[in-house]
Amino acid sequence: MTVRRLLGSVAAAGLLTAGALLGSAATAFAQETVTLAASGSGEEEVPPGSGEEGTSVTGSFQLTAAGALTYTVQITGNEEDITAGHIHRGAAGSNGEVVVPLDSAAINSGSSATTQIDPGLAQQIIDDPAGFYLNTHSASFPPPTGNARAQLTSSSAAPGTIDTGSGGQAAAAATGSPGPYVAGGALVLAAAGGGALLVQRRRSADAGA
(Lines give C-alpha, C1' and ligand atoms only; values in the text may rest on other atoms or scores of the structure.)
Protein backbone atom coordinates (compact mmCIF):
# COMPACT_ATOMS: atom_id res chain seq x y z
CA MET A 1 0.00 0.00 0.00
CA THR A 2 2.84 2.39 0.90
CA VAL A 3 4.64 1.76 -2.41
CA ARG A 4 1.43 2.34 -4.37
CA ARG A 5 0.77 5.65 -2.65
CA LEU A 6 4.36 6.78 -3.16
CA LEU A 7 4.34 5.98 -6.88
CA GLY A 8 0.94 7.59 -7.28
CA SER A 9 2.25 10.76 -5.63
CA VAL A 10 5.27 10.78 -7.94
CA ALA A 11 3.04 10.49 -11.00
CA ALA A 12 0.72 13.26 -9.76
CA ALA A 13 3.66 15.53 -8.98
CA GLY A 14 5.06 14.92 -12.45
CA LEU A 15 1.78 15.92 -14.09
CA LEU A 16 1.50 19.06 -11.96
CA THR A 17 5.07 20.03 -12.82
CA ALA A 18 4.40 19.43 -16.52
CA GLY A 19 1.32 21.63 -16.34
CA ALA A 20 3.27 24.40 -14.64
CA LEU A 21 6.04 24.24 -17.26
CA LEU A 22 3.59 24.30 -20.15
CA GLY A 23 1.82 27.25 -18.53
CA SER A 24 5.15 29.06 -18.25
CA ALA A 25 5.83 28.29 -21.91
CA ALA A 26 2.50 29.83 -22.94
CA THR A 27 3.22 32.95 -20.88
CA ALA A 28 6.72 33.29 -22.31
CA PHE A 29 5.40 32.89 -25.87
CA ALA A 30 2.73 35.58 -25.26
CA GLN A 31 5.44 37.98 -24.03
CA GLU A 32 7.77 37.32 -26.99
CA THR A 33 9.11 40.50 -28.54
CA VAL A 34 8.36 41.31 -32.18
CA THR A 35 10.87 43.56 -33.96
CA LEU A 36 9.61 46.06 -36.53
CA ALA A 37 11.56 48.52 -38.64
CA ALA A 38 10.94 51.71 -40.60
CA SER A 39 13.04 53.55 -43.16
CA GLY A 40 11.89 56.56 -45.14
CA SER A 41 12.42 60.20 -46.06
CA GLY A 42 10.79 63.55 -46.65
CA GLU A 43 9.90 62.45 -50.16
CA GLU A 44 7.47 59.89 -48.73
CA GLU A 45 5.29 62.48 -47.01
CA VAL A 46 1.69 62.78 -48.21
CA PRO A 47 0.89 64.80 -50.25
CA PRO A 48 4.11 64.56 -52.28
CA GLY A 49 6.37 67.57 -51.86
CA SER A 50 5.15 68.39 -48.35
CA GLY A 51 8.15 66.83 -46.55
CA GLU A 52 11.64 68.17 -45.93
CA GLU A 53 13.94 67.59 -48.87
CA GLY A 54 17.06 65.57 -48.07
CA THR A 55 15.78 64.35 -44.71
CA SER A 56 15.84 60.63 -43.85
CA VAL A 57 14.33 58.77 -40.90
CA THR A 58 14.83 55.25 -39.60
CA GLY A 59 13.21 53.47 -36.70
CA SER A 60 13.56 50.20 -34.81
CA PHE A 61 10.65 49.02 -32.67
CA GLN A 62 10.45 46.13 -30.22
CA LEU A 63 6.84 45.38 -29.32
CA THR A 64 5.06 42.74 -27.25
CA ALA A 65 1.42 41.70 -27.54
CA ALA A 66 1.00 43.06 -23.99
CA GLY A 67 1.80 46.54 -25.36
CA ALA A 68 5.36 47.13 -24.12
CA LEU A 69 7.13 49.21 -26.78
CA THR A 70 10.84 50.05 -26.92
CA TYR A 71 12.00 52.13 -29.86
CA THR A 72 14.87 54.09 -31.36
CA VAL A 73 14.22 56.69 -34.06
CA GLN A 74 17.06 58.46 -35.86
CA ILE A 75 16.69 61.33 -38.29
CA THR A 76 19.31 62.96 -40.50
CA GLY A 77 19.36 65.90 -42.90
CA ASN A 78 16.79 67.92 -40.96
CA GLU A 79 17.35 71.68 -40.50
CA GLU A 80 15.28 71.98 -37.30
CA ASP A 81 14.92 69.98 -34.11
CA ILE A 82 12.09 67.48 -34.02
CA THR A 83 9.15 68.82 -32.06
CA ALA A 84 7.00 65.69 -32.26
CA GLY A 85 7.07 62.12 -33.50
CA HIS A 86 4.27 59.61 -33.84
CA ILE A 87 3.17 56.26 -35.13
CA HIS A 88 0.12 56.88 -37.28
CA ARG A 89 -2.50 54.51 -38.63
CA GLY A 90 -2.43 54.52 -42.41
CA ALA A 91 -1.21 52.56 -45.43
CA ALA A 92 1.42 53.89 -47.81
CA GLY A 93 0.13 56.93 -49.69
CA SER A 94 -2.48 57.91 -47.12
CA ASN A 95 -2.49 59.95 -43.92
CA GLY A 96 -4.13 58.75 -40.72
CA GLU A 97 -4.66 59.39 -37.05
CA VAL A 98 -1.94 59.39 -34.42
CA VAL A 99 -2.02 56.15 -32.41
CA VAL A 100 1.32 56.24 -30.53
CA PRO A 101 3.03 59.49 -29.46
CA LEU A 102 6.84 59.21 -29.36
CA ASP A 103 9.42 61.08 -27.28
CA SER A 104 10.79 63.98 -29.36
CA ALA A 105 13.86 64.38 -27.10
CA ALA A 106 14.79 60.73 -27.67
CA ILE A 107 14.34 61.20 -31.43
CA ASN A 108 16.61 64.26 -31.47
CA SER A 109 19.31 62.39 -29.56
CA GLY A 110 18.80 59.10 -31.41
CA SER A 111 18.46 57.30 -28.08
CA SER A 112 16.18 54.47 -26.99
CA ALA A 113 12.84 55.16 -25.29
CA THR A 114 9.97 53.08 -23.96
CA THR A 115 6.22 53.45 -23.69
CA GLN A 116 3.16 51.33 -22.99
CA ILE A 117 0.33 51.09 -25.52
CA ASP A 118 -3.03 49.35 -25.54
CA PRO A 119 -2.61 45.58 -26.08
CA GLY A 120 -5.34 45.60 -28.73
CA LEU A 121 -3.48 48.25 -30.71
CA ALA A 122 -0.20 46.39 -30.20
CA GLN A 123 -1.69 43.27 -31.75
CA GLN A 124 -3.00 45.26 -34.72
CA ILE A 125 0.48 46.67 -35.35
CA ILE A 126 2.06 43.22 -35.02
CA ASP A 127 -0.48 41.69 -37.41
CA ASP A 128 -0.31 44.47 -40.03
CA PRO A 129 2.75 46.71 -39.62
CA ALA A 130 2.35 48.06 -43.17
CA GLY A 131 -0.92 49.64 -42.03
CA PHE A 132 1.04 52.04 -39.79
CA TYR A 133 3.77 54.62 -40.37
CA LEU A 134 6.35 56.65 -38.50
CA ASN A 135 6.12 60.42 -38.93
CA THR A 136 8.35 63.15 -37.51
CA HIS A 137 7.58 66.85 -37.28
CA SER A 138 9.45 70.12 -36.75
CA ALA A 139 8.37 73.74 -36.47
CA SER A 140 8.21 74.19 -40.25
CA PHE A 141 6.58 70.78 -40.80
CA PRO A 142 3.71 70.48 -38.28
CA PRO A 143 1.01 67.79 -38.33
CA PRO A 144 -0.80 66.43 -40.24
CA THR A 145 2.19 66.26 -42.59
CA GLY A 146 5.79 66.10 -41.36
CA ASN A 147 9.40 66.43 -42.40
CA ALA A 148 9.96 62.67 -42.90
CA ARG A 149 7.82 59.56 -43.04
CA ALA A 150 8.44 55.78 -43.08
CA GLN A 151 6.05 52.83 -43.24
CA LEU A 152 6.52 50.12 -40.62
CA THR A 153 7.66 46.69 -41.80
CA SER A 154 8.23 43.37 -40.10
CA SER A 155 11.89 42.60 -39.46
CA SER A 156 11.82 38.79 -39.75
CA ALA A 157 15.60 38.49 -39.73
CA ALA A 158 15.93 40.11 -36.31
CA PRO A 159 16.33 37.95 -33.16
CA GLY A 160 13.18 37.56 -31.13
CA THR A 161 10.80 38.09 -34.01
CA ILE A 162 7.64 36.01 -34.24
CA ASP A 163 6.78 35.28 -37.85
CA THR A 164 3.00 34.92 -37.92
CA GLY A 165 3.07 33.63 -41.48
CA SER A 166 4.67 30.46 -42.82
CA GLY A 167 8.08 30.80 -41.18
CA GLY A 168 9.87 31.76 -38.01
CA GLN A 169 9.37 30.43 -34.52
CA ALA A 170 5.68 29.64 -34.92
CA ALA A 171 6.42 27.45 -37.93
CA ALA A 172 9.28 25.72 -36.12
CA ALA A 173 6.88 24.62 -33.39
CA ALA A 174 4.38 23.43 -35.97
CA THR A 175 6.94 21.31 -37.80
CA GLY A 176 7.93 19.29 -34.76
CA SER A 177 10.74 21.43 -33.40
CA PRO A 178 9.46 22.26 -29.92
CA GLY A 179 11.08 24.97 -27.82
CA PRO A 180 12.85 24.27 -24.54
CA TYR A 181 9.71 24.66 -22.45
CA VAL A 182 7.80 22.16 -24.52
CA ALA A 183 10.71 19.74 -24.47
CA GLY A 184 10.97 20.13 -20.71
CA GLY A 185 7.25 19.52 -20.33
CA ALA A 186 7.50 16.38 -22.44
CA LEU A 187 10.28 15.05 -20.22
CA VAL A 188 8.22 15.63 -17.11
CA LEU A 189 5.20 14.02 -18.72
CA ALA A 190 7.33 11.03 -19.62
CA ALA A 191 8.46 10.77 -16.01
CA ALA A 192 4.86 10.97 -14.86
CA GLY A 193 3.88 8.28 -17.35
CA GLY A 194 6.67 6.11 -16.07
CA GLY A 195 5.31 6.40 -12.55
CA ALA A 196 1.86 5.37 -13.72
CA LEU A 197 3.36 2.40 -15.55
CA LEU A 198 5.14 1.24 -12.40
CA VAL A 199 1.90 1.46 -10.46
CA GLN A 200 0.16 -0.61 -13.11
CA ARG A 201 2.91 -3.24 -13.04
CA ARG A 202 2.75 -3.40 -9.27
CA ARG A 203 -0.99 -3.95 -9.41
CA SER A 204 -0.56 -6.74 -11.96
CA ALA A 205 1.99 -8.45 -9.73
CA ASP A 206 -0.35 -8.22 -6.74
CA ALA A 207 -3.20 -9.69 -8.81
CA GLY A 208 -0.97 -12.61 -9.86
CA ALA A 209 -0.05 -13.27 -6.25
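The values are calculated or read from the model by the stated rules, or taken from the named source; none is laboratory data. Computed from a prediction, not measured in an experiment: that's the story for all the values here. A quick note on method: Cβ atoms are made from the backbone with ideal geometry, for glycine too, and the neighbour counts reach across all protein chains shown.
Some observations on this one:
- ALA37 being out of contact with any Pro (no Cβ under 8 Å at 6 or more places or on another chain) and modelled with pLDDT under 95: no
- Count of the range 104-156 residues, restricted to those that are of a type in the set (S, T, N, Q), part of a strand (DSSP E or B) and surrounded by fewer than 18 Cβ atoms within 10 Å (Cβ to Cβ), is 5.
- Among the residues of the range 66-120, the ones that are hydroxyl-bearing (Ser, Thr, Tyr) and touching a Leu at 6+ places or on another chain (Cβ under 6 Å) come to 1 in all.
- Search result, residues across the range 58-103 that are surrounded by 15 or more Cβ atoms within 10 Å (Cβ to Cβ), of a type in the set (Ser, Thr, Tyr) and part of a strand (DSSP E or B): THR58, SER60, THR70, TYR71, THR72, THR83
- Residue match in the range 132-155 (condition: modelled with pLDDT under 95 and closer than 18 Å to SER39 by Cβ): yes
- Condition check for ASP118: farther than 21 Å from VAL34 by Cα and either of a type outside the set (S, T, N, Q) or touching a strand residue (DSSP E or B) at 6+ places or on another chain (Cβ under 6 Å) (or both): no
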